[in-house]
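Have a look at the structure below, then the notes.
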């Protein structure tokens, strides 16, 4: 078992409609645009999926990325819809204020205080006041075809702690104070389709090769071996991309460079709004 100093960072969504998606995250969930970046061609680590085209990345959340779990919104300019699989179940957020904003925006509130973002991604809202002193994002829930195999990978190899466990559900994380990762055993093959996402963690630079070594020795899948990625005008980070037994993609980024890359750039929201106004296809 690895003894990683891991930190939960974000979950990546491919979004089909940038305008409506940003309306949902800003006006309904109440998240802020933390930074926005435009790219002329596809990512070497397939951050935008298997698309060699112009794309953008928008990070949204309730606070800075070094202290909050956030959402990465990936927009591929030529792609206007993604087939959704059964891999992603939902994100749980504490905040009755979200439900009040949803009513004001006339955004449908589904059974169990569930909200559905454009693209079909679900958010489960806990009807309690949103905390001001800590991250309101409680957990990300993914589907598992076999919970035992899932735990062998995430706990026995990667070293995440198990905080809760039942016959069909387990809640894991590196630290009890951060957003958790939950797996629900759905008893069927996981289909990622085209809309599949990716969860990201940071670890110290020196720990990344240990992850690569452990995954190779356990004969599990490495999607992208250790590689350095550039962001124009910002820090270069090193990442390794894995896939668990069900094909859920995991990004481990080096914490030192990521802290520099992820500094809030609130002025970039103006750039995002400008690109949305110029994008005639996203209407």
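The values are calculated or read from the model by the stated rules, or taken from the named source; none is laboratory data. Computed from a prediction, not measured in an experiment: that's the story for all the values here. No Cβ is skipped: glycine too gets one built from the backbone with ideal geometry, and neighbour counts run over all protein chains shown.
Within the option set 250, 240, being closer than 24 Å to residue 146 by Cβ, buried (at least 16 other Cβ atoms within 10 Å of the Cβ) and modelled with pLDDT of 95 or more holds for one residue only, 250.
Out of 108, 131, which single residue is modelled with pLDDT under 95 and surrounded by fewer than 20 Cβ atoms within 10 Å (Cβ to Cβ)? Step by step, each of 108, 131 is checked, and only 131 is modelled with pLDDT under 95 and surrounded by fewer than 20 Cβ atoms within 10 Å (Cβ to Cβ).
Hey, any hits in segment 205-217 for a residue that's under 17 Å from the mean Cα position of the chain (by Cα) and under 28 Å from residue 138 (Cα atoms)?
The answer is no, given that none of the residues of segment 205-217 is under 17 Å from the mean Cα position of the chain (by Cα) and under 28 Å from residue 138 (Cα atoms).
Residue 183 - would you say it is out of contact with any helix residue (DSSP H, G or I) (no Cβ under 8 Å at 6 or more places or on another chain), closer than 21 Å to residue 1 by Cβ and either surrounded by 22 or more Cβ atoms within 10 Å (Cβ to Cβ) or touching a residue at least 60 places away in the same chain (Cβ under 8 Å) (or both)?
Answer is no for this residue.
Residue-level check: of (1) in contact with a strand residue (DSSP E or B) (Cβ under 8 Å, 6 or more places away or on another chain); (2) surrounded by 16 or more Cβ atoms within 10 Å (Cβ to Cβ); (3) at pLDDT below 95, residue 32 misses just (3).
Cβ-Cβ contacts under 6 Å between residues 6 or more apart (or on different chains), taken from a first residue in segment 250-264 that is free of Cβ contacts under 8 Å to residues at least 40 places away in the same chain to a second residue that is outside any helix (DSSP H, G or I) and buried (at least 22 other Cβ atoms within 10 Å of the Cβ), are listed as 261/237.
No other residue among 25, 75, 82, 51 is in contact with a strand residue (DSSP E or B) (Cβ under 6 Å, 6 or more places away or on another chain) and at pLDDT below 95 apart from 51.
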